[in-house]
1. Quick query: amide H of Val190 versus all other amide H atoms, modeled in the peptide plane; which residues come in under 5 Å with a sequence gap of 5 or more or a different chain?
2. What ranking of Val42, Val191 comes out by heavy-atom accessible area, probe 1.4 Å, highest first?
3. In Å², and per residue, what accessible area does the chain have when probed at 1.4 Å with the other protein chains present?
4. Once phi is turned into θ = phi - 60°, what whole-Hz ³J(HN,Hα) does the Karplus curve with 6.51, -1.76 and 1.60 give for every residue of the stretch 404-414, x standing for Gly and Pro?
5. Given 0.36 nm per residue, what is the gain on full extension from Leu529 to Ser349 after removing their alpha carbon distance, in nm?
6. List residues of the stretch 473-504, by number, whose backbone nitrogen lies under 13 Å from a label position 7 Å along Cα→C-beta of Glu453.
7. Can you pull the semi-axes for the chain, root of five times each eigenvalue of the Cα gyration tensor, sorted largest first, whole Å?
8. Pull out the extension gain between Arg373 and Thr47, defined as 0.36 nm times the separation in residues minus the alpha carbon to alpha carbon distance; nm, one decimal.
Amino acid sequence: ASGKVDVPFRGLYFNDSDVYKWLEAASWSLATDPDPGLERMVESAITEIADAQRPDGYLNTYFTFERAHERWTDFDLHEMYCAGHFIQAAVAHFRAAGTRRLLDVAVRFANHICDLFGPEEQGKQPAIDGHEEIEMALVELFRATGERRYLEQAEFFVDARGHGLLGEPYGRFDPSYSQDHKPFREQDEVVGHAVRALYLYSGAADLHAETGEPDLLEALERLWRNMTTKRMYVSGGLGSRHEGEAFGEDYELPSGRAYAETCAAIASVMWNWRMLMISGDARYADLMEHTLYNAVLPGVSLDGRHYFYQNPLADDGTHRRRSWFGCACCPPNVARLLASLPGYFYGVSDDTMWVHLYAEGSATGNLGDRAVRLAQHTDYPRDGNVEIEVEGGGDFGLMLRVPSWCERGYTVEVNGEAVDSPLSSGSYAEIRRTWRTGDTVRLKLPTPVRFVECHPYVAENTGRVALMRGPLLYCVEQTDQPGLDPRDLVVPVGPEPSVRFEPGLLGGVTALTVRAEVVTPQPAWENRLYRTANAHPDDRRAETVELKAVPYYAWANREPGAMWVWLQSR
Ligand SMILES: [Zn+2]
């Protein structure tokens, strides 16, 4: 696109965004794991990108040569979406590498967009992009540069939505596909293309974080409530429909036909993290953790080289991860999330350190003019014991999340003594004291296996249970139960499954052994699909077997076979 090689554009019109997502991932990765080879690749990518920028600041390789005259004529073609990913990559590179080399290119492009688009009364073109993304990018650019103009532009894009500027997306979808059915501040149901919706909510949350406007937060809370109580899979996966990669109606959550795009789960993590930063409310951290383990992680194979685009909760063994996709949004999105994951674990507010997520590691936070280091030692989520060592003394608060999955029996101790602050599941335990280096906090979170049931309006899940232990959702794979048809298995709620860590299984997982009954259909069902109810004595044969369940994130990593999350329980 810089004109150095004379070849026509190849690929999809939004493929630039994949390069930008890679660049963002590489930038975060270099911040924690220096690698001269990767650094050279990043530097040469930046050179090519800078050389491809047009003199007026415009940058999109699809519209550079043969389609230059079609720029900004069709807002379904992701120009601002690609711009958003570019700006996010530039901000990441600026923060990680500390140079403005890429940021300056992004600023020129952002200025080009700000000059062109806006309210008619300012002599600009009122327009929005069919695929949200630019909103959160512009707020980040405002944070990186201090230029208020980018914040105002983000606000324009959020509020211009819902006024019919897009018409019918791609000429065939309803405006709700791009969340253009009504003004954002009035929206109350999560609708349309799930990734677009969740990027919009993330952008609106960023906007609220900077402006404090209550209308925005009220809309975000309404949408979050609708999503989490009516339109979300037990995995945290989002988007029930293949048609339009979209959210469904309330309680429309088919397991086998679930779309649940990996990108939608990633976007949900981003949105929940922003809601957590705004509110300090543990329910957002709970969902962020749940989504990371059960909706993002299944998107990648255990060898890290194969990906799911869709994440069904039941399968016949034909859905397998692939090494790449023509529409390759998910793999580089996984990369940038995993590369930036350390940033999601801890938080700092005035005189308080927050621990949102649990894993072995450490973090240093600045409280005023002093640095406090927390070192976390744990096997989480294999068990729920977390030890945190404090380095750096003084008066400050420590907030530890007691996850909502842990319903009873949790304790917090400092140096072996129980903490007397009130504890409750699904909130942060606050420990405020005069700390001394070497103080040790022990959080104990019991991890019994839980049988989870679903709202009865999701008809497909009626009479079924899913298994969870700690933050992990479980599933049953055919390969662990040879000769059994999982459709015949009935798992009674009650008997505590046995729990065993198997180091050689699926990279090391805690497997569950569950007592189940094998209940096969009566012979009278042969050659029929329907019959009059009630007239038949229950002569089903039942034998008892042991059923093995493994974490859902690890499914489809062995020989192909059927998989179920929801198991019959009566
Ligand atoms: Zn994707």
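The values are calculated or read from the model by the stated rules, or taken from the named source; none is laboratory data. Computed from a prediction, not measured in an experiment: that's the story for all the values here. Counting neighbours? That spans all protein chains shown, and the Cβs are built from the backbone with ideal geometry, glycine included. The accessibility values were calculated without ligands, DNA or RNA, using every heavy atom of the protein model including side chains. Shrake-Rupley method; radii C 1.70, N 1.55, O 1.52, S 1.80 Å.
1. Sorted by chain and number, the residues that satisfy this are Met227.
2. Numbers: Val42 0, Val191 25 Å².
Order by accessible area, largest first: Val191, Val42.
3. Details: 24320 Å² over 570 residues.
Spelled out: the 1.4 Å probe surface of the chain, per residue, equals 43 Å².
4. Using θ = phi - 60°, the values come out as 5, 5, 9, 8, 7, x, 6, 9, 10, 10, 10 Hz.
5. Values: separation 180, 0.36 × 180 = 64.80 nm, distance 6.10 nm.
This chain segment gains 58.7 nm when fully extended.
6. The answer is 492-494.
7. Working: eigenvalues 336, 204, 101 Å².
For the chain, the ellipsoid semi-axes come out as 41, 32, 22 Å.
8. Working: separation 326, 0.36 × 326 = 117.36 nm, distance 3.78 nm.
Stretched fully, the Arg373-Thr47 segment lengthens by 113.6 nm.
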